[in-house]
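Peer 1: I have a structure I would like to understand better, so I am pasting it below and will then ask my questions one at a time.
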Amino acid sequence: MNPLQYLVFNNRYATLSESFHTRLDPTPVPDPYLVAWNPDAFDLLGLQHDLAHHPDFVAAFSGNAKLDGSDTLSAIYAGHQFGHYVPQLGDGRAILIGEAAHPDNGRWEIQLKGAGRTPYSRGGDGRAVLRSSIREYLCSEAMHGLGIPTTRALCITGTDMPVMRESVETGALVTRLSPTFIRFGSFEVFFYRNQLDDIKTLADFTLTHYFPELLEDAKPYSVLVREVTRRTAILMAQWQAVGFCHGVMNTDNMSIIGLTLDYGPYGFMEAYDPGYICNHSDHDGRYAYDQQPNIGAWNCTCLAQALLPLMELEDAQDALSIYGETFATEYMRLMCEKLGLPFEEESAPLVTNLLDLMAQNRVDYTNLFRSLAKFDSGEGAVNSAIRDQFLVREAFDAWASKYSERLRAIGSNDEVRAVRMNRVNPKYVLRNYLAEVAIRKARDERDYTEIEKLRLILSKPFDEQPEFEDYAKEPPDWAKSIEVSCSS
Ligand code: AMP
Ligand code: MG
């Protein structure tokens, strides 16, 4: 009997023709074992928690056994990588095992990442390593905890099969969930191959299943571009406001429904530096923190280009034109919220001046905003706990007096403001060193408890959780040598 049988599959992507994917089975791995499982994602699928420890579970989510009703395939896509068009990418190591329909929690496509070679592997081994699987698992759940749209993570399975990267590493698979894994690059591949019917088929599929409300429109394809552009602009504002750097914003990593997708060499900003480059392989800083909003817009242009055969140029331009204003408005709204200020013109200089000061003083992004909830707006208050985070204390004083003046002018109550600010300024983010500790314990000691501990803490990033105070600390000295690159 298959204990996972009540995962009811209804595989819509698999109904598309062979232009869109290749059917294949995962390649089995030797002696798979469970590394981590996420009860929140189990709930999304309606899976009972005790199934995690059933041998069939590990077999299914390491690619060693097939679930009833699943229809395994890898999808084709292309994309602009670091600004250059690459005509064929695709799921080089990911296999969609199906789409599970839950009566209350909607539909979730389930994808194994690291499931073996596919026709899109381009010389790669089709595998993922434990290190990068832990990073993807933890970050997608951390982003969800922060309220930022993202794919989710169900579990990690491991295998002692060695996987070669810069050195020999432990192999693993991470199982991801998303309503869909369609990317901007899923459209680009057909545009550049001049397969115009396939562009239309995929656009219709996307509209029907993920944007049904747009189907009524007289120009559904351009409103689709407009809606994806809007979601992308808002996502970029959310990334910027929380200090998240994606690291590889290629168009094949951009979700058509506006989720954060494909966690590789990402990083959360620590010492604030607008030019921060989290990806060690990004030598020119194309995807530096302060470039992300522009790259988001550029990527939307690539999407519009791919859909151009379905619309008038003017309509495409019109759809794209909303990006700038949408991003700017949402970003400033979020930043005002982070300062506990109303979203109005007078608040803007307080935001920009503070960021300038933070950059000059390399202040920890997360901790500074979190600490501002305790800002005393009384006349003459010193606020030393905040002030001491700046190298040049006097520079902070000048800003602080303007901030407290403004707070008094609007009649802000410090206690009420503190509660509001703590709901938008996280105490805990997935700092690289935190992930690194969990990775080292898993790799060197087969101790997976730190992964679960981090998942739990990061699922409630706005709660004080005083027992985990240490997890809000700035990186220790040893963490300076951690480098994350595209290798995964
Ligand atoms: P990424 O930079 O992770 O978004 O990957 C870019 C492309 O390379 C995608 O088409 C991936 O499927 C593919 N890829 C990455 N790593 C591997 C691997 N180890 N084996 C096969 N394909 C891979
Ligand atoms: Mg990718």
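The values are calculated or read from the model by the stated rules, or taken from the named source; none is laboratory data. What you are looking at is a predicted structure, and each value in this text was computed from that prediction instead of being measured. As a convention, Cβ positions derive from the backbone with ideal geometry for all residues, glycine included, and neighbour counts pool all protein chains shown.
Peer 1: Out of the stretch 123-147, which residues are in contact with a strand residue (DSSP E or B) (Cβ under 6 Å, 6 or more places away or on another chain) and either farther than 17 Å from Leu177 by Cα or not charged (D, E, K, R) (or both)?
Peer 2: Once the filter is applied, which keeps residues that are in contact with a strand residue (DSSP E or B) (Cβ under 6 Å, 6 or more places away or on another chain) and either farther than 17 Å from Leu177 by Cα or not charged (D, E, K, R) (or both), the stretch 123-147 yields Arg127, Ala128, Val129, Leu130, Ser133, Tyr137, Ser140, Met143, His144.
Peer 1: Continuing with this model, one more query. Would a scan of the stretch 216-239 turn up a residue that is within 16 Å of ligand 1 (Cβ to nearest atom) and either more than 13 Å from the chain's Cα centre (by Cα) or within 25 Å of Ala288 (Cβ to Cβ) (or both)?
Peer 2: Initially, the stretch 216-239 is screened for residues within 16 Å of ligand 1 (Cβ to nearest atom), giving none.
Checked the stretch 216-239: no residue is within 16 Å of ligand 1 (Cβ to nearest atom) and either more than 13 Å from the chain's Cα centre (by Cα) or within 25 Å of Ala288 (Cβ to Cβ) (or both).
Listed here are the residues, each with its yes/no results for (1) touching a residue at least 40 places away in the same chain (Cβ under 8 Å); (2) within 10 Å of ligand 1 (Cβ to nearest atom); (3) in contact with a helix residue (DSSP H, G or I) (Cβ under 9 Å, 6 or more places away or on another chain).
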| residue | (1), (2), (3) |
| --- | --- |
| Leu34 | yes, no, yes |
| Asp50 | no, no, no |
| Pro55 | no, no, no |
| Gly83 | yes, no, yes |
| Pro87 | yes, no, yes |
| Pro103 | yes, no, no |
| Arg117 | yes, yes, no |
| Leu130 | yes, no, yes |
| Ser133 | yes, no, no |
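Peer 1: Return yes or no: is Met164 modelled with pLDDT of 95 or more and crowded, with 24+ Cβ neighbours inside 10 Å?
Peer 2: Working: modelled with pLDDT of 95 or more: yes; crowded, with 24+ Cβ neighbours inside 10 Å: no.
No; evaluated as a whole, the condition is false for this residue.
Peer 1: Still on this structure: Going through the stretch 242-276 one residue at a time, which ones are more than 16 Å from ligand 1 (Cβ to nearest atom) and over 30 Å from Val223 (Cβ atoms)?
Peer 2: Within the stretch 242-276, the first condition is being more than 16 Å from ligand 1 (Cβ to nearest atom), and the residues that meet it are 242-244, 257-258, 268-276.
Selection gives Gly243, Phe268, Met269, Glu270, Ala271, Tyr272, Asp273, Pro274, Gly275, Tyr276.
Peer 1: Does Ser281 satisfy being surrounded by fewer than 20 Cβ atoms within 10 Å (Cβ to Cβ), polar (S, T, N, Q) and within 16 Å of ligand 2 (Cβ to nearest atom)?
Peer 2: Yes: the conditions hold for Ser281.
Peer 1: Ok, one more. Could you please let me know if Arg135 is in contact with a Gly (Cβ under 9 Å, 6 or more places away or on another chain), under 24 Å from Trp239 (Cα atoms) and either assigned by TED's automatic domain parsing to the domain that holds Tyr77 or within 16 Å of ligand 2 (Cβ to nearest atom) (or both)?
Peer 2: In short, yes.
Conditions (1) within 16 Å of ligand 2 (Cβ to nearest atom); (2) over 27 Å from Pro212 (Cβ atoms); (3) surrounded by fewer than 23 Cβ atoms within 10 Å (Cβ to Cβ), marked per residue:
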site	(1), (2), (3)
Val242	no, yes, no
Met254	yes, no, no
Ile277	no, yes, yes
Ile295	yes, yes, yes
Pro309	no, no, yes
Ala319	no, no, no
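Peer 1: Being assigned to a loop (DSSP other than H, G, I, E, B), surrounded by 17 or more Cβ atoms within 10 Å (Cβ to Cβ) and either among the hydroxyl-bearing types (Ser, Thr, Tyr) or touching a Gly at 6+ places or on another chain (Cβ under 9 Å) (or both) is true for just one of Gly124, Gly116, Gly185. Which residue is that?
Peer 2: Working: Gly124 fails: surrounded by 17 or more Cβ atoms within 10 Å (Cβ to Cβ); Gly185 fails: assigned to a loop (DSSP other than H, G, I, E, B).
From the options Gly124, Gly116, Gly185, the qualifying one is Gly116.
Peer 1: Can you confirm whether Ala438 is in contact (Cβ under 8 Å) with a residue 12 or more places away in the chain, part of a helix (DSSP H, G or I) and out of contact with any Asp or Glu (no Cβ under 9 Å at 6 or more places or on another chain)?
Peer 2: no
Peer 1: Just to verify a result, which residue in the stretch 105-115, among those that are at pLDDT 95 or above and not basic (Lys, Arg), is farthest from ligand 1 (Cβ to nearest atom)?
Peer 2: The qualifying residue farthest from ligand 1 (Cβ to nearest atom) is Trp108.
Peer 1: With respect to the numbered conditions (1) over 16 Å from Met269 (Cα atoms); (2) among the hydrophobic types (A, V, I, L, M, F, W, C); (3) surrounded by fewer than 16 Cβ atoms within 10 Å (Cβ to Cβ), which one is the sole condition not fulfilled by Ala479?
Peer 2: Going through (1) over 16 Å from Met269 (Cα atoms); (2) among the hydrophobic types (A, V, I, L, M, F, W, C); (3) surrounded by fewer than 16 Cβ atoms within 10 Å (Cβ to Cβ) one by one, Ala479 breaks only (1).
Peer 1: To continue, here is another question. Do you know which residues across the stretch 339-350 are surrounded by fewer than 20 Cβ atoms within 10 Å (Cβ to Cβ) and touching a Phe, Trp or Tyr at 6+ places or on another chain (Cβ under 9 Å)?
Peer 2: Leu350
Peer 1: Select from the stretch 371-393 the residues that are touching a Phe, Trp or Tyr at 6+ places or on another chain (Cβ under 9 Å) and under 21 Å from Ser412 (Cβ atoms) and write down the one among them that is surrounded by the fewest Cβ atoms within 10 Å (Cβ to Cβ).
Peer 2: The qualifying residue surrounded by the fewest Cβ atoms within 10 Å (Cβ to Cβ) is Ala381.
Peer 1: Checking Gln291 against (1) under 25 Å from Ala78 (Cα atoms); (2) in contact (Cβ under 8 Å) with a residue 24 or more places away in the chain, which test does it fail?
Peer 2: Only one criterion is unmet by Gln291, namely (2).
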